[in-house]
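What follows is one structure encoded as structure tokens, with my remarks underneath.
Bear in mind these aren't lab numbers, they're just calculated from the coordinates by the rules spelled out. Owing to the predicted nature of the structure, the values given are computational and were not obtained by experimental measurement. Glycine gets a Cβ as well: all are built from the backbone with ideal geometry, and neighbour counts include every protein chain shown.
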Amino acid sequence: MPPGVIAVFRFKLNGSMVTLAEDINLLEFLREHARLTSVKNGCGEGACGACMVLVDGKAVRACLLTTGKVQGKAVMTVEGLPAREKEIFAWAFAEAGAVQCGFCTPGMVISAKALLAGNLNPTRQEIKQALKGNLCRCTGYVKIEQAILLAAEILRGRALPRQDKLSGKIGRRLARVDAAAKVLGTGEYADDLQVDGMLYAAVLRARYPRALVKQIDISAAYAYPGVEAVLTAKDIPGKPLLGHLVHDWPVLIAEGEETRYVGDALALVAAVSKTVARQALQLIQVDYEELTPLLTPQAALAADAPKLHPKGNILAKTELKRGDADQAIAQAKYVVTQKYTTPPTEHAFMEPESALAVPEADGTLTVYTGSQSVYDEHHGIVAMLGVAGDKVRVISKLVGGAFGGKEDLSVQHHAALLAWHTGKPVKLTFSRQESILVHPKRHAMELEFTTACDETGKITAVKARILADTGAYASLGGPVLQRACTHAAGPYQIENVDITGIGVYTNNPPGGAFRGFGVTQSCFAMESNLNILAEKLGISPWEIRFRNAIEPGKVLPNGQIADQGTALKETLLAVKDIFEAHPAAGIACAMKNSGLGVGVPDVGRVKIKVDAGRVVVCTSAACMGQGLATVLIQIVAETTGLSPDVIQVHGPDTGITPNGGTSTASRQTLFNGEAARLAALELKADLQKHSLTELAGREYYQEYHGMTDPVYSSKPNPVSHVAYGYATQVVILDEQGKLQKVVAAHDVGKAINPTTVEGQIEGGVVMGLGYALTEDFPLDRGRPAAKLGTLGLFRAGDVPEIECILIEKNPDILAYGAKGVGEIVSIPTAPAVAGAYYRQDGVLRTSLPLRQTPYCRKK
């Protein structure tokens, strides 16, 4: 182009002509300039499809294009779809239950639109092919495919049904109340927010997993045009160390301190643009003294190992002993001892972490976020700033998936600190690679399990040793280790157990909460041992489980007496025929608690307000995709007799909603569901005398306290948890060793919304299949060596048929008998897959992801 000539780029966007004088990334233009929120930045590397758009009718990923590459073309986003098609897709995705966290959903709609434009009668396989560029971490794809089939049916001429919202009581398939906003991209996630005068933040991370930071020179960065603040540890006005139970995670690494992993933050920059903020980071000079990192628990436990934390390298130790395991093992007919290893794994939620901190005129600070607990964030930010609690308000926008990975502070405190110092709004959003670098992962574990039985197949003892790599910081490593140990012997009647777990600090990324919370690891070991025992006995894997399965009134390995809602045997009976009909089928059972349990204070809190003829349910309980708002509406509708049309749920907000606790431990449906039921009972009593209009301004507040006993209770039969869910899953392989079908039978107590429960099961099963077969998180001297596209996440084309069987038996009135299913759905899948391969080829696979399968990426 001749000098002095300005390039002009023109293209149509949703029917209107756009003219630009610069060639920039198309996704950046759509989000930052055109302010279209249906296109999401899930990875920026073309792996997730959250930014899918139509270019001349073809579905493409906007992050891989520039405005110059669409010169003269027509670009369409969900916002530009015809009104009727918007209505059809919104209905179809809601009706099918295809929406969970919703972050990937508009991209799915675009891929569906491209398919249906030329094929209104697609097969399932054609739909899977159309979705090959889209990732979903929540749904398991099953209901997305069903939604596209429904949309095609309407587009072929079937009348669009009108949903009957009057049937919103428990047990009914009420469509999710947030579905339409997520499908059409109008629902707000934190990174969708923009305010006037907003600054953009960037964070300088450690160069080495372990190094002494001798000096940090920020002068050049501070002088860079467009930079408004550069902060280091010296600028923290309050507590410099944060964390859930152990305050060991520095807000910023200070001069004279050691880094503990490559995700450590050293300095913060706030600037007028993302580009300027990133450029300023390059100008910060850090003088390091590189030190030898401790990259394995064994290295960290060595006698001469340096202390990574003042109290040493052992974070936690858990012991669970009942009976005399050694004697029982010595007297047993059959004994199996095996070692197992499980890797760290990445949550890969579709929405990278983002927060916007806004100083208010009254001197307070409002932080907009998307996480698992606004109150946990509030506590951390208040402690860091050293201010009174009423100086900070945390409001959650939509949460684009979490699975445990958004329980720790990641962006919220750094955005808050910058906003506090600058007096201006500051937004900090992770790139996908920074998200992978920073937040905690599923714990890598090494497990040695000894399982013994008598000649009848009765399990007489379990002895286990578990070594967990908790990485650089505690996060929730202590409780994760506890759950791995307290559930290690499985949902069976076993009188003698001796289980010890140790959590060890290393210079790897932290280990934290992840769906299954430690039980995914120990279940893999225990269930695999049972398959070997069954072979020694000459009985089927199903039979050994059924003979030992826990029953109401019997004692679990941790000493707790199983309640009348226990339905493990019912799940086994539900899959018996299909398991026995397939020689290459694997089976595994699991149990998982609802609620924090083990004596930890655990409270659900709900306030119901009557306002202008509507009932507003207020709780801070976060919905990360599990459909909590819809569940609470159904519980209140069931209790009061009101129509769901007049009930709504307020988003988490520390200024308005009471602290319902973290969305973790499969607790929200039970704990805040029960609190909602109790508050609704009070409203119901008033409704017998007054109309809803007459009750305007009334509030009804209730709490539910889950009372449990600590791990080391002296009681012979302690109550470790208020409820347990149970499950049996069967995995069927074809002759080539490929996945053919998964049957998942789950004791859910009571399915408040069967569609939502099925969606949780399907998504959890697919996550479990990835854990079993393809997912890994390789580290290169403590540094993550993977991108989103190389993590091994399952796509639609990888998913076999999934059959959900809901077992509803629980007579307890607590939350109408509901048990949490969010975590248990991923726990038995990997051992069931391993068991299927063991039956097919006789090879015992003791490490995840499994080797020597058609899915194995390591040859």
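So for 750, 69, fewest C-beta neighbours within 10 Å to most, what's the order?
Final ranking by Cβ density, sparse to dense: 69, 750.
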**Q.** Cβ-based net charge around residue 73, under 12 Å, with every Lys or Arg adding one and every Asp or Glu removing one
**A.** +3
Q: Restricting to the chain, compute how many DSSP beta bridges are antiparallel as a %, nearest 5.
A: 75 percent
Q. What is the distance in Å between the Cα centres of segment 800-859 and segment 429-508?
A. 17 Å
Q | Low-density loop positions, trypsin sites (Lys or Arg not before Pro), segment 281-318 - DSSP coil, at most 14 other Cβ in 10 Å | A | 307, 311
Q. Quick one: length gained pulling residue 362 to residue 843 fully straight, 0.36 nm per residue minus the C-alpha distance?
A. 166.5 nm
**Q.** Relative frequency of Cα-Cα separations exceeding 20 Å in segment 599-693, percent
**A.** 30 percent
(Q) Using each residue's phi in segment 590-604, evaluate 6.51 cos²θ - 1.76 cosθ + 1.60 at θ = phi - 60° and report the 3J(HN,Hα) Karplus result to the nearest Hz, with x for Gly and Pro. (A) 7, 9, 8, 6, 10, x, 5, x, 6, x, 6, x, 8, 10, x
Q: Give the peptides 658-664, 31-37 in descending order of average Cβ contacts within 10 Å, highest first.
A: 658-664, 31-37
Q: Treat the count of other C-beta atoms within 10 Å as a stand-in for reagent exposure and order 522, 354, 431 from fewest to most.
A: 431, 354, 522
Q. Using the alpha-carbon centroid of each, what span in Å lies between segment 601-677 and segment 30-67?
A. 34 Å
Q.
Beyond 22 Å, how much of the Cα-Cα pair distribution for segment 166-277 remains, as a whole percent?
A. 55 percent
Q: Calculate one ³J(HN,Hα) per residue across segment 843-852 by plugging θ = phi - 60° into the Karplus curve 6.51 cos²θ - 1.76 cosθ + 1.60, and present them in order as whole Hz with x for glycine and proline.
A: 8, 7, 9, 10, 10, 10, x, 5, 8, 6
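Looking at segment 603-705, send over the antiparallel percent of its DSSP beta bridges, to the nearest 5.
Of those bridges, close to 75 percent are antiparallel.
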Q: Would you kindly calculate the translational diffusion coefficient of the chain, applying Stokes-Einstein with the Kirkwood radius from alpha carbon pairs, for 20 °C and a viscosity of 1.002 mPa s, and quote it in µm² s⁻¹ without decimals?
A: 77 µm²/s
**Q.** Counted charge near residue 291, where neighbours are those whose Cβ lies closer than 9 Å (Asp, Glu -1; Lys, Arg +1)
**A.** -2
Q | Magnitude of the charge dipole, segment 603-705, Cβ model with Lys/Arg +1 and Asp/Glu -1, debye to 20 | A | 100 debye
Q) Hey, can you rank 357-367, 462-472 by average C-beta count inside 10 Å, highest first? A) 462-472, 357-367
Q.
Could you list 726, 704, 208 so that the one with the fewest beta carbons within 10 Å of its beta carbon is first and the one with the most is last?
A. 208, 704, 726
Q. Ordered by packing density, taken as the mean number of other Cβ atoms within 10 Å over each peptide's residues, highest first, how do 242-249, 667-674, 683-690, 718-725 rank?
A. 667-674, 718-725, 242-249, 683-690
